[in-house]
Amino acid sequence: MTETPTPAPARPRAKQSSATVGLKRFVFHLVLIAAAMVMIYPLLWMLSASLKPLDEIFSDPGLVPSSWEWGNYADGWNALPHPFEKYIWNSMVIVAGSILGNLVSCSMAAYAFARLKFPMRGMLFAIMLGTIMLPIHVVIIPQYILFNELGWVDTFWPLIVPKLLATDAFFVFLMVQFIRGLPKELDEAASIDGCGYWGTYLRVIMPLCMPALATTAIFTFIWTWNDFYSQLIYLRDVDLQTVPLALRLFMDSTGTTNWGALFAMSIVALGPIFGFFLAGQRYLVRGIATTGIK
């Protein structure tokens, strides 16, 4: 009787040397740094241009100014019909109203879609998602006619009131996915304790939705602060114009532009965005990472 040969034991895979691992990490980080520099270069160039004399902005491609022109910031701040702080304040008013409107209305709509049962819920949710594909150019004309009939043109209301009606379907969808990831046992426990729909929404769901709410607030801030098209349509009075429209005022119709002042105020306009983003970055990462996880 012949014996079956036993297979030879598999040889353990040789471990990579620490030098090889270190080299791979070095190359990986070098590629990341190079990609980051390519992406951040336009911002660095604009910062450099805001500190250069006018005749060196486009003639000198270097990032280090030959002479530092700090006066561009003072000139830009006072170059328009109002000090630049006036336009920053107008933008802040619109941004604050938009954030408040989106947080309240979108969270209420999301709670209804995620937790409540009502007729045609699925169809209404699908229609709501379908509005994401509609470009603003499709709805801007009927909206303008409506707001013009209400006498709201040349006021802040057309830019704030729609946010109170959960018109940003993306944020509704974001919160629906987040709420669906919360255990339904929390709602049942709240119901046993005597909470109705409003009590469950305010005391249970909303405190747990802080990452999704912070994500909504950050994106609303950035999109509203940078919005040019809608504000150009509805705001014609110089006293009501915002930061994007104020930056446009630096572009003279005759072709003469104070580029140094324009770039200086562009850097100033980026300050609130960076500050708000850094303040809520932790919640933003959590909100995006946990959305949709069951």
| query | For residue 117, which aspartates and glutamates qualify as cross-link partners when the Cα separation must be under 15 Å and same-chain residues fewer than eight apart are set aside? | reply | 187, 188
| remark: Taking every other residue with Cβ under 13 Å from the Cβ of residue 113 and scoring Lys and Arg +1, Asp and Glu -1, one gets +4
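If Lys and Arg each add +1 and Asp and Glu each add -1, what is the summed charge of the other residues whose beta carbon sits under 12 Å from the beta carbon of residue 94? The partial results should precede the final answer.
Working: positive: 163; negative: 227.
Here the count lands on 0.
Residues with beta-carbon under 13 Å from that of residue 237, excluding residue 237: net charge, scoring Lys, Arg +1 and Asp, Glu -1? Spell out each step's value before the answer.
On the way: positive: 86, 236; negative: 154, 239.
Computed value for this residue: 0.
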| task | Quick one: among 230, 107, 91, which has the greatest mean-square fluctuation in a GNM of the chain with alpha-carbon springs under 10 angstrom? | result | 230
| request: Let me know the longest stretch in the chain that avoids all chymotrypsin sites (Phe, Trp or Tyr not before Pro) found in a DSSP loop with at most 14 other C-beta atoms within 10 Å. | output: 71-227
| field | trypsin sites (Lys or Arg not before Pro) within segment 14-53: DSSP coil, no more than 14 neighbouring Cβ in 10 Å | value | 15
| said: If each residue of separation counts as 0.36 nm, what is the full-extension length gain between residue 131 and residue 197 once their alpha-carbon separation is subtracted? | reply: 21.1 nm
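All of the numbers you see were taken from the coordinates with simple rules; none came from a lab. The structure presented is a predicted model; accordingly, all values stated were derived computationally and were not measured. No Cβ is skipped: glycine too gets one built from the backbone with ideal geometry, and neighbour counts run over all protein chains shown.
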